[in-house]
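Trainee: A single structure is presented below for examination.
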Amino acid sequence: MAGEAVSHFAVLDGNKIHYDSFGAGDEAVVFIHGWTCDSTFWKAQAPVYEQRRSLLIDLPGHGSSDKPEIPYTMELFARAVDAVMTDAKIRKVTLAGHSMGTPVAVQFLRMHPEKVAGLVIVDGFIPQPPKTDAEREKQKAQGAERVKAYRAPDYKSVATRMLDFMFTKQTDPSLRNQIQTKMLSAPQYVMASAMEGMMAMEPLKESYPRLPVEAVMVKRDNSAGYQEFLKEHFNLVGYREFDDAGHFLMMEQPEKFNQILREFLDRK
């Protein structure tokens, strides 16, 4: 049993990266939160991470980590994961990434494939190569507009409207308020830059056919294409869809999610 968290700080480029450490050993599960979130968004997964070697990270600009005014790219976040691993003396990881945490995990995989034992995608999307030049230009324009909106004075209303689509009628109002309050408290420069970093990430063209991947997603009408994309690039061992939760499904349906996570981790 890993027991209670021990709070630590790693250092990256002179800035402190906060993380909580559970258990002992050189192989761990690393939980990576989403855009403008922090490590507390995983608190409902305590029954899982308190029982095994685990690290919960506050990405740069988030939570209790330093928040310098710098570009918040997926590469920076991946480097932060590596800095935490080095500080915690971890050799190999299974990465669990929620939302933006998924592209962060994939960027880490690109940089350190030898350090990754598995990947859990939690309602996160890996950018796919555009099929045409027109589609590429459209994506580029949409990304630029989105980033521009988060640099505008009314950025909080923009974020609020986006968050409205991440919940369902079943979402507990107190949980919804807790999530929204924390996300909207992120500094504007972090919010805009991290969004820009996501939009700028290179689409996945390379493949990792032996890497076991579990995807836990919100049920969507157009999910078949994404599932096929994941099958092409990874050893997709499971693709689960929740029709009873919104984007923060690990918080809304923790028991159901934790069982899937346990089964994946135990099988590896």
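The values are calculated or read from the model by the stated rules, or taken from the named source; none is laboratory data. Bear in mind the structure is a predicted one, so any value in this text is a computation, not a measurement. Using ideal geometry, Cβ is built from the backbone for each residue, glycine included, and neighbour counts are taken over all protein chains shown.
Trainee: Any idea which of (1) hydrophobic (A, V, I, L, M, F, W, C); (2) in contact with a strand residue (DSSP E or B) (Cβ under 7 Å, 6 or more places away or on another chain); (3) in a helix (DSSP H, G or I) is the one VAL190 doesn't satisfy?
Mentor: (2)
Trainee: Quick test for you: out of GLY3, GLY25, pick the one residue that is at pLDDT 95 or above and not aromatic (Phe, Trp, Tyr).
Mentor: GLY25
Trainee: Let me ask something else. Would you call GLY225 among the small types (Gly, Ala, Ser) and surrounded by fewer than 19 Cβ atoms within 10 Å (Cβ to Cβ)?
Mentor: So GLY225 fits the description; yes.
Trainee: Let me ask something else about it. Regarding region 168-185, can at least one residue be identified that is within 18 Å of HIS98 (Cα to Cα) and modelled with pLDDT under 95?
Mentor: Yes, that holds for at least one residue.
Trainee: Taking the options MET217, MET191, name whichever one is within 23 Å of ASP58 (Cβ to Cβ) and either at pLDDT below 95 or surrounded by 13 or more Cβ atoms within 10 Å (Cβ to Cβ) (or both).
Mentor: Testing whether each residue is within 23 Å of ASP58 (Cβ to Cβ) and either at pLDDT below 95 or surrounded by 13 or more Cβ atoms within 10 Å (Cβ to Cβ) (or both) leaves just MET191.
Trainee: Here's something else I'd like to know. Condition test on ASP82, is it closer than 24 Å to ALA192 by Cα, of a type in the set (Asp, Glu), at pLDDT 95 or above and buried (at least 23 other Cβ atoms within 10 Å of the Cβ)?
Mentor: For ASP82, the condition - closer than 24 Å to ALA192 by Cα, of a type in the set (Asp, Glu), at pLDDT 95 or above and buried (at least 23 other Cβ atoms within 10 Å of the Cβ) - is not met.
Trainee: Of the residues LEU211, LEU204, LEU184, which single one is touching a residue at least 60 places away in the same chain (Cβ under 8 Å), surrounded by 14 or more Cβ atoms within 10 Å (Cβ to Cβ) and farther than 27 Å from ALA144 by Cβ?
Mentor: LEU211
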